[in-house]
Every structure is written in structure tokens, then in C-alpha cells.
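Engineer: Structure incoming, see below.
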Amino acid sequence: MKKPWFSVMSDKVLHYLTSIENMENGIEDLKTLGAQIIYLADLIERLIDRNRYILHQHTDIKDIVQKLGDHLVDPVVNKAFLDLSNREEFWLELASHRLYSLLLRRGPFKNEQIELKGIREVSEMYKDVIDFKSPFTATHTTGVKQCAMELSSVFGFTAFELELIAIAADFHDIGKLVIPNEILEKQGKLTDEEFAIIKSHTYYTYYVLNAIGGLERIVDIASYHHEKLNGKGYPFKCTSDEIGIGARIMTVADIFTAVAEDRPYRKGMDKDGIYRVFQKNIESHAVDPKMVELLFDDYDRIKESVMKKQAEARAYYQNRFMQI
């Protein structure tokens with residue numbers, strides 16, 4: 001499904017691994033030009049050895065690009081790169097640890113103002129990107145989102161606040177995009193080293209969202225879902241007075257969805273098993289008992305609502321992506 005601001009890029013991204021000889025139109029077509037630029041940029045990125053100083057390898061990379069056949073990369077794009085890459089600045093910025101901030105300042109949407117409806121459409125797109133990273137997580141964010149929406153509605157949130165919760169839920173696991181699939185899909189208990197990597201995902205969720213102006217009200221809600229009221233959560237070790245109502249709801253929704261759904265190493269728990277998990281968390285002062293009470297006061301309806309949304313997400317994933 002095409003989304004605003006991204007629809008003009010979709011064809012370029014679709015064909016970024018297509019050689020020029022297999023493109024339908026020539027380089028004069030802007031879609032072809034864009035796809036070819038990404039094609040070459042992707043190749044260059046893969047040629048860079050991040051363990052070597054960039055100016056000790058840039059000549060070798062340029063030589064490889066210069067020898068690419070015209071059937072792979074159009075000469076127009078090849079020449080543009082070779083001209084640009086004569087400057088050391090180009091390579092130093094490409095290898096800079098500040099690359100993310102450099103791109104933020106130069107991005108085409110840096111001054112774009114998006115209304116709440118537009119942010120919601122973008123967040124829904126990222127929800128699918130996050131979940132569809134692995135078949136084992138294909139419905140997780142959908143479940144967290146639906147559970148958080150149900151709990152927030154019962155709690156009495158306004159329509160505007162419910163929109164913020166929905167967006168925060170869509171984004172809450174965006175940091176998992178940096179987690180290797182072999183960890184996400186591991187059968188069995190994680191090692192200490194693997195769990196340390198998993199724990200980084202909420203930091204990266206915070207890091208990404210906090211870099212975007214206007215999302216301040218959803219950053220903590222999305223990023224604090226593994227924080228605990230007793231100060232023993234991660235990655236910020238927040239205390240109870242630092243964790244707002246939205247984040248407390250998101251934590252309960254995330255725990256519920258995680259233990260209720262099937263994972264590579266276990267089957268989803270039933271109501272009694274889920275209740276025991278929450279009781280342990282309440283006893284250790286990890287979660288807000290009021291939010292847990294909201295869940296179990298209307299458990300059957302909320303569970304059915306979550307399962308319905310997850311079934312829709314699973315069907316969409318299987319019909320659109322499992323066939324590829």
C-alpha cells in the first residue's frame with residue numbers, strides 16, 4: 001500500500017537492484033535515474049570495509065566502480081559518482097559517525113510539517129516494516145497496539161490521546177530493526193550476550209523518535225515499554241515518577257501480547273498463565289497494578305479484539321509477503 005510522501009519513491013526502491021539493461025525505461029526517466037543512483041549507492045556501501053580507514057580504500061572502490069559494465073550502471077550515473085568522489089570530503093562524510101545527523105539536515109522533508117493523520121499513516125507503514133522482519137513477529141505490534149488502544153479507551157483517554165497511543169504502539173519496536181533475525185528467531189533461551197543486544201532495541205527506538213521534531217509526546221510512551229516502576233527496567237532505569245500513564249499502558253500491552261502469542265521456543269500462554277506472569281510483575285513492583293486490573297476486568301473482550309486484529313495482520317502478511 002502506497003503512503004503519502006513515499007509513493008514517489010516506491011518505484012525507485014522497487015528496482016534498486018535492477019541493472020540498467022533490465023530497466024523498462026532509459027536513464028532519462030526519473031524513476032530509472034533514481035533506481036540507478038540507489039543501485040550504485042548500495043554497491044558502494046557494501047564495498048566499504050568499516051574496519052579500515054576510508055581514505056586507505058577509497059581508490060580501490062573507485063576502480064571497481066569505474067570498471068562496471070554499461071549493462072549494470074548507466075554511464076551518466078557512473079560518471080556523476082566518479083566526479084563527486086574525487087573530493088576527500090565525500091568519503092570522510094560517508095564514513096563519519098555523524099552521518100545520521102548530516103543526512104537529517106539534508107533530507108528532503110526536514111522542513112515538512114505533517115498533521116496527525118499523516119503521522120498515523122507513516123507509523124502504520126513502519127508497523128508492517130518492523131513486524132514483517134520475521135514471521136515470528138508478524139503480528140506482534142498489531143497486538144500491542146490493539147491492546148494498548150483498548151486499555152487506553154477504558155482508562156478514559158481522549159480521541160487525541162488515543163491517536164498518540166496508536167502512533168507510539170506502531171513505533172515502539174522500531175529499534176528491533178537493528179537486531180539480527182538469528183536472535184529474534186532463536187529457539188531456546190538467549191545467552192547473556194544475545195540478551196544484551198535485545199535490550200538495545202528500546203534505546204534505538206528512543207534515539208530514532210527523539211531525532212524527529214514534533215514526536216516529543218510519543219517518545220517516552222514508545223520507548224519505555226521495558227522500563228519498570230522499581231527502577232530495574234531497561235535501557236534508562238527509569239523510576240516510577242518518570243514513567244507516565246501511556247508508557248505504563250504500553251508496558252502491560254507489550255507483556256500481554258508477548259506471552260499470549262506463539263514464539264519459536266514456546267506456545268502462547270492461556271489466561272491463567274498470563275495472570276501469573278502479571279502477578280509476579282506486580283509483586284516485584286515492576287508494572288502498574290491498575291493497568292493490569294484494567295486488562296483482567298475486561299480480559300475476554302480485549303483478548304478477542306487483539307486476536308481479531310492479529311488474525312487480519314497475519315492474513316495480510318501471508319497473502320502479500322509469504323508468497324514472495
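Engineer: Go through the stretch 181-232 residue by residue and tally those that are in contact (Cβ under 8 Å) with a residue 40 or more places away in the chain, under 21 Å from residue 152 (Cα atoms) and part of a loop (DSSP other than H, G, I, E, B).
Structural biologist: The total comes to 4.
Engineer: Between residues in the stretch 254-282 that are loosely packed, with under 12 Cβ neighbours inside 10 Å and residues that are at pLDDT below 95 and not in a helix (DSSP H, G or I), which pairs lie under 8 Å by C-beta distance while being six or more apart or on different chains?
Structural biologist: That search, which allows pairs on different chains as well, returns 262/268.
Engineer: Looking at residue 10, is it among the small types (Gly, Ala, Ser), surrounded by 12 or more Cβ atoms within 10 Å (Cβ to Cβ) and either touching a helix residue (DSSP H, G or I) at 6+ places or on another chain (Cβ under 8 Å) or touching a residue at least 60 places away in the same chain (Cβ under 8 Å) (or both)? Full working, then the answer.
Structural biologist: Details: among the small types (Gly, Ala, Ser): yes; surrounded by 12 or more Cβ atoms within 10 Å (Cβ to Cβ): yes; either touching a helix residue (DSSP H, G or I) at 6+ places or on another chain (Cβ under 8 Å) or touching a residue at least 60 places away in the same chain (Cβ under 8 Å) (or both): no.
In short, no.
Engineer: Then there's this: Check whether at least one residue in the stretch 98-108 is within 30 Å of residue 315 (Cα to Cα), surrounded by 11 or more Cβ atoms within 10 Å (Cβ to Cβ), in contact (Cβ under 8 Å) with a residue 60 or more places away in the chain and not charged (D, E, K, R), and report yes or no. Break it down into steps so the answer makes sense when it comes.
Structural biologist: Filtering the stretch 98-108 down to residues within 30 Å of residue 315 (Cα to Cα) leaves none.
Checked the stretch 98-108: no residue is within 30 Å of residue 315 (Cα to Cα), surrounded by 11 or more Cβ atoms within 10 Å (Cβ to Cβ), in contact (Cβ under 8 Å) with a residue 60 or more places away in the chain and not charged (D, E, K, R).
Engineer: What is the residue count in the stretch 214-244 for residues that are touching a Lys or Arg at 6+ places or on another chain (Cβ under 9 Å) and not charged (D, E, K, R)?
Structural biologist: Filtering the stretch 214-244 down to residues touching a Lys or Arg at 6+ places or on another chain (Cβ under 9 Å) leaves 224, 226-229, 231, 234-235, 237-238, 240, 243.
Remaining after also requiring not charged (D, E, K, R): 224, 226, 229, 231, 234-235, 238, 240, 243.
Within the stretch 214-244, residues that are touching a Lys or Arg at 6+ places or on another chain (Cβ under 9 Å) and not charged (D, E, K, R) number 9.
Engineer: Let me ask something else about it. Is there a residue in the stretch 148-168 that is in contact with a helix residue (DSSP H, G or I) (Cβ under 8 Å, 6 or more places away or on another chain), acidic (Asp, Glu) and either over 19 Å from residue 258 (Cα atoms) or not assigned by TED's automatic domain parsing to the domain that holds residue 256 (or both)?
Structural biologist: yes
Engineer: Separate question: Taking the stretch 67-88 only, how many residues are among the acidic types (Asp, Glu) and either loosely packed, with under 11 Cβ neighbours inside 10 Å or touching a Phe, Trp or Tyr at 6+ places or on another chain (Cβ under 8 Å) (or both)? Don't jump to the end; show me each part of the working.
Structural biologist: First, the residues of the stretch 67-88 that are among the acidic types (Asp, Glu): 70, 74, 83, 88.
Narrowing further to those that are either loosely packed, with under 11 Cβ neighbours inside 10 Å or touching a Phe, Trp or Tyr at 6+ places or on another chain (Cβ under 8 Å) (or both): 83.
Selection size over the stretch 67-88: 1.
Engineer: Looking only at residues in the stretch 53-70 that are in a loop (DSSP other than H, G, I, E, B), of a type outside the set (Asp, Glu) and modelled with pLDDT under 95, which one is nearest to residue 25 (Cα to Cα)? Walk me through it before giving the result.
Structural biologist: If we filter the stretch 53-70 for residues that are in a loop (DSSP other than H, G, I, E, B), which is where we start, we get 53, 57, 67-70.
After this cut, where a residue has to be of a type outside the set (Asp, Glu) as well, the list is 53, 57, 67-69.
When the remaining residues are screened for being modelled with pLDDT under 95, the result is 67-69.
Details: 67: 23, 68: 20, 69: 18 Å.
Looking at residues that are in a loop (DSSP other than H, G, I, E, B), of a type outside the set (Asp, Glu) and modelled with pLDDT under 95, I get 69.
The values are calculated or read from the model by the stated rules, or taken from the named source; none is laboratory data. Just so it is clear, the structure is predicted and the values come from calculations on it, not from any experiment. When we count neighbours, we look across all protein chains shown, and the Cβ atoms used for this are built from the backbone with ideal geometry, even at glycine.
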